[in-house]
Structure formats: C-alpha cells, structure tokens
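Here's the structure we're looking at; comments come further down.
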Amino acid sequence: MVSSESPIDHLAFCKSLAWQFQKEWRLVFPGDEPKKVQFPRESLVTVILGYRFPGPHFDGLKQVLIKGGYRVDILRAERFPNSYEFGSIKLDHIG
C-alpha cells in the first residue's frame, strides 16, 4: 500500500492485466536523484522496451549493455491493434 501523501507516483505500482503472467520487480527509491542499484550481471537476462521507446536511443542502450558485459535479449513490446493486449518482438541479442 502506498500512502496518499507518498512522493512516489502511484502508477508505478500498477500493472495492466494483459501483463499479469509476467514476473516483474520494481525498485522504487523516493528522491530527486536516480539511484544506482548493484545486482549480479547474470541476473539480467532480458530487456523489454516499451512500444513507445524512442528509436534514436536504441544504439545508446546497446552500447551500455555491451560495455557492462551483459548477455541479454532485447525485446520491444508491441501493442495489438484495437485492443489492450501486448506481445513482444526480439530486436537483438547482446553478448
């Protein structure tokens, strides 16, 4: 439960029923500055981009993953026309 006075956007805790089958973890740290969270490199196996992810940022994301030594699949969420359903397509593999 999130207090109504919480500085965290309540939508950060919401998820569409279309995605309920997926395991997902969200780490939320209140504050103005982004926080670095250390976790084992092998824990990250897939990066799923939102269907509105800006194309020009894709190469930058790939470079960060390569430089970090990650071995991941990169997928992009795809919205099915005229529905609230989503699927995904594989864009690339790093590592």
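Each reported figure results from applying straightforward, stated rules to the coordinates on display, with no laboratory input. From a predicted model like this one, the values you see are computed outputs, not experimental measurements. Every residue, glycine among them, receives a Cβ derived from its backbone with ideal geometry; neighbour counts consider all protein chains shown.
Annotated for region 10-94: lysine pairs at least 8 residues apart or interchain, Cα distance under 21 Å, count 8. Judged by the ratio a/c of the largest to the smallest principal axis of the C-alpha gyration tensor, region 10-94 counts as oblate, that ratio being 1.5 or greater while a/b is no larger than b/c.
Stretched out straight at 0.36 nm per residue, the stretch from SER16 to PHE53 would grow longer than its current Cα-Cα span by 11.5 nm.
Peptide packing: for 45-57, 65-77, the average count of neighbouring Cβ atoms within 10 Å per residue gives the ranking 65-77, 45-57, highest mean first.
The residues GLU24, GLU85, GLU33, when put in order of fewest to most other Cβ atoms within 10 Å, stand as GLU33, GLU24, GLU85. Arranged from fewest to most other beta-carbon atoms within 10 Å of their beta carbon, LEU91, LEU17 become LEU17, LEU91.
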